[in-house]
1. If you check E84 against the conditions, is it out of contact with any helix residue (DSSP H, G or I) (no Cβ under 8 Å at 6 or more places or on another chain), free of Cβ contacts under 8 Å to residues at least 24 places away in the same chain and more than 18 Å from R22 (Cα to Cα)?
2. Can you give me the number of residues within region 138-161 that are outside any loop (DSSP other than H, G, I, E, B), modelled with pLDDT under 90 and either of a type in the set (K, R) or open to solvent by less than 40 Å² (accessible area, probe 1.4 Å) (or both)?
3. Of all residues in region 111-137, which are exposed (fewer than 14 other Cβ atoms within 10 Å of the Cβ) and either modelled with pLDDT of 85 or more or not in a loop (DSSP other than H, G, I, E, B) (or both)?
4. I'm checking my understanding of the structure. Among residues of region 35-51 that are under 24 Å from I73 (Cβ atoms) and among the hydrophobic types (A, V, I, L, M, F, W, C), which one is nearest to the chain's Cα centre (by Cα)?
5. Specify the residue that is surrounded by the fewest Cβ atoms within 10 Å (Cβ to Cβ); the eligible residues are those in region 53-75 that are in contact with a Ser or Thr (Cβ under 8 Å, 6 or more places away or on another chain) and not hydrophobic (A, V, I, L, M, F, W, C).
6. Under the condition of being out of contact with any Cys (no Cβ under 7 Å at 6 or more places or on another chain) and in a loop (DSSP other than H, G, I, E, B), which residue from region 76-97 is least open to solvent (accessible area, probe 1.4 Å)?
7. Looking at L100, L108, which one is at positive phi and surrounded by 13 or more Cβ atoms within 10 Å (Cβ to Cβ)?
Amino acid sequence: GSAFEISAIPVFGSTPANRVERAVTYRGATVYIAGETVNDMHWDPLGVFAIDASLQASQLTPGQCSRPQDINIFNGRLYLLCNEPSRAGWSVTAQSTCDLESWEPVALLNAPTFARSFAVTSQGIYVALGSETDSPAAAREATGEVWLNSGTQLLSCALTD
């Protein structure tokens with residue numbers, strides 16, 4: 001038979017992550033969320049990383065975002081969906097950037113559960129709510145709902161590539 005060698009690339013820094021989620025190509029890098037597998041369908045987000053053509057990975061620091069969940073690009077700008085626990089449930093926001101270094105928060109909504117995914121469109125930001133099996137009843141009831149924040153002013157980035 002034939003054999004081949006696979007070289008390990010340190011794509012997670014020092015985090016205990018074991019999977020890449022929501023990868024997108026942005027400004028010459030692959031941007032992704034490092035996750036830790038919970039079961040075959042679910043993962044916990046541990047951080048946001050970018051890896052360039054030289055295979056150098058670095059952890060990004062997108063402001064207030066302890067639970068990054070999804071990544072989108074709109075008008076040349078990268079958006080990161082973020083969830084933060086709050087007294088009333090979850091604060092769901094987006095952080096946006098043009099250069100992967102300076103980030104601007106985009107206020108979205110307070111929800112009874114976290115947002116699992118989102119879409120950025122010219123009509124606004126659509127957010128899809130999710131939950132875990134051990135989530136409170138109010139969170140489970142809101143799971144599957146799609147909310148629209150149409151009051152957000154979406155910025156664009158100057159193209160420099």
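The values are calculated or read from the model by the stated rules, or taken from the named source; none is laboratory data. In this text, all values refer to a predicted model and were calculated from it rather than measured experimentally. No Cβ is skipped: glycine too gets one built from the backbone with ideal geometry, and neighbour counts run over all protein chains shown. Accessible surface areas use protein heavy atoms only, side chains included; no ligands, DNA or RNA. Shrake-Rupley method; radii C 1.70, N 1.55, O 1.52, S 1.80 Å.
1. Spelling it out, E84 is indeed out of contact with any helix residue (DSSP H, G or I) (no Cβ under 8 Å at 6 or more places or on another chain), free of Cβ contacts under 8 Å to residues at least 24 places away in the same chain and more than 18 Å from R22 (Cα to Cα).
2. Adding up the residues that qualify gives 3.
3. T121, S122, Q123, A137
4. Checked region 35-51; the qualifying residue nearest to the chain's Cα centre (by Cα) is V48.
5. Top of the filtered list is Q64.
6. Ranking the candidates gives A88 first.
7. None of the other options fit; the residue is L100.
This table checks each residue for (1) closer than 25 Å to A128 by Cβ; (2) more than 12 Å from the chain's Cα centre (by Cα); (3) not aromatic (F, W, Y).
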position	(1), (2), (3)
V20	yes, no, yes
T30	yes, yes, yes
I33	yes, no, yes
S54	no, yes, yes
S86	yes, yes, yes
